[in-house]
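Step one of this worksheet: look at the structure below.
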Amino acid sequence: MALTYTQYTLEKLELLLKALDYKVRYEKGSFKTGACVIESSRVVVVNKFSTIESKILSLVTLLQQIQVDESLLDEKQIAFLASLKQTTLQL
């Protein structure tokens with residue numbers, strides 16, 4: 001799947017994380033990556049000064065790494081997640 005770097009894609013990723021009971025926050029920070037998960041919580045902090053491409057890549061990378069309870073998702077979200085897990089990321 002070719003990932004498009006648009007606001008719509010970013011919103012789909014945010015909705016997917018929300019369905020998985022994660023909260024996405026955009027803040028400035030001293031972290032070097034585009035996003036991080038606050039230790040032992042379900043809060044994802046995204047660098048608000050990153051480009052949209054970097055924000056999307058950061059969230060996709062995160063989704064590829066975390067354990068996902070698919071019972072929280074609908075069929076479209078499961079299909080979207082499956083396509084994300086097969087995506088090779090490049091900037």
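The values are calculated or read from the model by the stated rules, or taken from the named source; none is laboratory data. What you see is a predicted model, and the numbers here were worked out from it, not measured in a lab. Counting neighbours? That spans all protein chains shown, and the Cβs are built from the backbone with ideal geometry, glycine included.
Annotations
- Positions within the range 36-52 being touching a helix residue (DSSP H, G or I) at 6+ places or on another chain (Cβ under 8 Å) and either assigned to a loop (DSSP other than H, G, I, E, B) or under 9 Å from Arg25 (Cα atoms) (or both), in sequence order: Val44, Val46, Asn47, Ser50
- Of all residues in the range 2-25 being more than 12 Å from the chain's Cα centre (by Cα) and on the phi < 0 side of the Ramachandran plot, the one that is modelled with the lowest pLDDT: Ala2
- Every residue from the range 42-91 that is closer than 13 Å to Tyr22 by Cβ, of a type in the set (Val, Ile, Thr) and out of contact with any strand residue (DSSP E or B) (no Cβ under 6 Å at 6 or more places or on another chain): Ile66, Val68
- Flag for Lys76 being surrounded by 14 or more Cβ atoms within 10 Å (Cβ to Cβ), outside any strand (DSSP E or B) and of a type in the set (Lys, Arg): no
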